[in-house]
Amino acid sequence: MDRQLDRPIPAKIEQRLMELLKMKEFDMQEVNWCRSTYWARRDDWHLILVSCHNAALARTAAARTVEVRP
């Protein structure tokens, strides 16, 4: 078996995946696919995860913002 498949993904990436799962940006199938392809495509995955996470945070912040009108 490929050693990279046995190698766990970095804790920071795993944490980001769990945040995206909780925010409903990713489903469990996508999380598992990311885990299985991470080492072969880690540069791509880093950009994808950061982008998705930032978009989810912005959407969450916008939803929490209450517009106050005079």
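Calculated on C-alpha atoms, the gyration radius of the chain divided by its Kirkwood radius gives an Rg/Rh of 1.15.
Evaluating 6.51 cos²θ - 1.76 cosθ + 1.60 at θ = phi - 60° for every residue in the stretch 19-29, the Karplus couplings come out as 5, 5, 5, 5, 7, 6, 7, 10, 9, 5, 4 Hz, glycine and proline recorded as x. Calculated accessible area for the chain comes out at 80 Å² per residue, all protein chains present (probe 1.4 Å; ligands, DNA, RNA ignored).
The listed residues 46, 53, once ranked by accessible area (1.4 Å probe) with the largest placed first, stand as 46, 53. Surface composition of the chain: carbon plus sulfur atoms contribute 56% of the solvent-accessible area (1.4 Å probe, protein chains only, all chains present).
The values are calculated or read from the model by the stated rules, or taken from the named source; none is laboratory data. Owing to the predicted nature of the structure, the values given are computational and were not obtained by experimental measurement. When the accessible area is computed, the model is the full protein with side chains, heavy atoms only, and any ligands, DNA or RNA have been set aside. Shrake-Rupley method; radii C 1.70, N 1.55, O 1.52, S 1.80 Å.
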